[in-house]
Amino acid sequence: METIISCENITHYYGKKLIYKDLNFEVKKGKILGLLGKNGTGKTTIINILNGYLRPRSGVCRIFGEKMEYLSPSTKARIGLLLEGHIQHTYFNIEQIERFYSRFFANWKKEAYYELLRKLQVTRTQRISTMSCGQRSQIALGLLFAQNPDLLILDDFSMGLDPGYRRLFVEYLKEYATAENKTIFLTSHIIQDMEMLIDDCMIMDYGRILIHEPTRYIMDHFRRFRFVSDVEAIEGNELLWHTEKLGNNWETYSFEPKEEVEKILIPYNISELKEEKLSLEDTFIGLTGKY
C-alpha cells in the first residue's frame, strides 16, 4: 500500500521545551488517521511541520515522497488543508466564494461544494459574514472538497459545529473518503466523532506517541478493570495503565485479557474484579490519564 505521509525521527522544541523526541509514523493511501492528544501535545505543530510551515530541530517529513521543505507546486495542489475551520473573504456570498476559489485549482469540482451546502439550508446569495461559526466551517470544508485533493489535512475540523452538523459532516466525510479513495489526516477535540470516522488512531502524549493502531483493534482490546483492595499502593506495571485508588476501590486499564490482569494483581489480595468495554473517549483517558 502506498505511503502518503511519512515522518521520520522528528524532534522539535519551542525554546527549551521539548515537543517531540524521535517521532515516527506513516499514513497509507486511502486511510483516515485521527491524531488525538491533550492540549499542548503538539497536534497543530505536526500539521505545520508536515506542510513545511515549521522546520523541526531534526528529522524529516515527506508527503507523496517529497520532503516537507521542498513541496513542489504539483504536490501542493494534491493537498487540501484546513486549519481550525477558518475561512477568509467573508464579504463574498456562497456563489461568489466558490467562483473565486475555482480559479486556483485545475481539478475543481463545484458539485462537491454545492452537494455539502445543500444540507445547510442557506441560500446561494447569503453572505459568509452573516453565517454562524459552524456554517462558516462547513463552507470551508465544502471548498476543500471542491479542490478534489488526494490528501486532506484537517485540524480540529469540527470546531464550531453543533451535534447535528457534526454528525452530518462525519457521515458525509466518511462516505466521501471511501467513494473517492481519499487519504485523510485529522485532529479533533470531539473524540466521539473520531470513533465513527477514523480507520487508524494515533494518540500522542507529551513528547511521544503512546499508540498508533487500527481503531478497531484498540476498541476491541483495551479495557478498564475495577476491583477492590485494601492495599495502599500498587507497583507500576508496564501492562497496566493509570492504576488509581478511590477509597478501597481501584481502577486500571490494560490491553491484556481479564485472566492476565488478575494474575498481575494477585499479590494485592483483590476481589470483585470487573472488566468494562470502553468508548474511544474513555480509551483516550485511560491511555493519557485524567490530568
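Between Glu66 and Met219, the distance separating the two model label sites (each 7 Å from Cα on the Cα→Cβ line) works out to 3.6 nm. Scalar couplings 3J(HN,Hα) for the range 16-25, obtained by applying the Karplus form with A = 6.51, B = -1.76, C = 1.60 to θ = phi - 60°, are 9, 7, 6, 9, 9, 10, 6, 6, 9, 6 Hz; x denotes Gly and Pro. The lysines whose alpha-carbon is closer than 24 Å to the alpha-carbon of Lys274, local same-chain residues fewer than 8 away aside, are Lys245, Lys258, Lys263, Lys290. Note that the range 242-251 has calculated 3J(HN,Hα) couplings of 6, 6, 9, 10, 10, x, 8, 8, 10, 9 Hz, one per residue in order, obtained from phi through the Karplus relation 6.51 cos²θ - 1.76 cosθ + 1.60 (θ = phi - 60°); glycine and proline are x. A P(r) calculated from all alpha carbon pairs of the range 223-291, with 10 Å bins opening at zero, reads 21, 60, 19, 0 percent. A dipole drawn for the chain from +1 and -1 charges on Cβ atoms has a positive end, and of Ile191, Phe92, Thr252 the residue lying farthest that way is Phe92. Annotation: extensible slack from Phe105 through Glu259 equals 49.8 nm (criterion: 0.36 nm per residue apart, minus Cα-Cα distance).
Packing, as the average of other Cβ atoms within 10 Å across residues, places the peptides 143-154, 229-240, 59-70, 14-25 in the order 143-154, 59-70, 14-25, 229-240, highest first. The packing ranking of peptides 45-53, 162-170, highest mean first, is 45-53, 162-170, where packing means the average number of other beta carbon atoms within 10 angstrom of each residue. Accessible surface comparison of Val228, Val261, probe 1.4 Å, protein chains only, largest first: the order is Val228, Val261. Packing, as the average of other Cβ atoms within 10 Å across residues, places the peptides 131-139, 204-212 in the order 131-139, 204-212, highest first. Net length available on complete extension from Lys17 to Tyr291 is 96.7 nm, with 0.36 nm assigned per residue and the Cα-Cα distance removed. The residues of the range 1-132 have, on average, 55 Å² of accessible surface per residue, using a 1.4 Å probe with all protein chains present.
Looking at Ile4, Thr75, Ser137, which one has the Cα that reaches farthest to the positive end of the dipole of the range 1-146 (charges on Cβ: Lys, Arg +1; Asp, Glu -1)? It is Ser137, whose Cα lies furthest towards the positive end. Amide H to amide H, with H built 1.01 Å from N, Leu152 comes under 5 Å of Gly80, Thr183, Ile184, Phe185, counting only residues 5 or more places away or on other chains. Of the accessible area of the chain, computed with a 1.4 Å probe over protein heavy atoms only, carbon and sulfur atoms account for 47 percent. Over the chain, dividing the summed -39,500 (n - 2.57) contributions of all DSSP H runs of at least 4 residues by the number of residues returns a 222 nm mean residue ellipticity of -9000 deg cm²/dmol.
Along the range 6-14 the Karplus relation, 6.51 cos²θ - 1.76 cosθ + 1.60 evaluated at θ = phi - 60°, assigns HN-Hα couplings of 9, 10, 10, 6, 6, 10, 8, 10, 10 Hz to successive residues, with x for each Gly and Pro.
Every pair of different Cα atoms in the chain enters the Kirkwood calculation, which places the hydrodynamic radius at 21.0 Å.
The values are calculated or read from the model by the stated rules, or taken from the named source; none is laboratory data. If you're wondering where the values come from, they're calculated on a predicted model, not measured in any experiment. Ideal geometry is used to build each Cβ from the backbone, glycine not excepted, and the neighbour counts take in all protein chains shown. Ligands, DNA and RNA are excluded from the accessible area calculation, which covers all protein heavy atoms including side chains. Shrake-Rupley method; radii C 1.70, N 1.55, O 1.52, S 1.80 Å.
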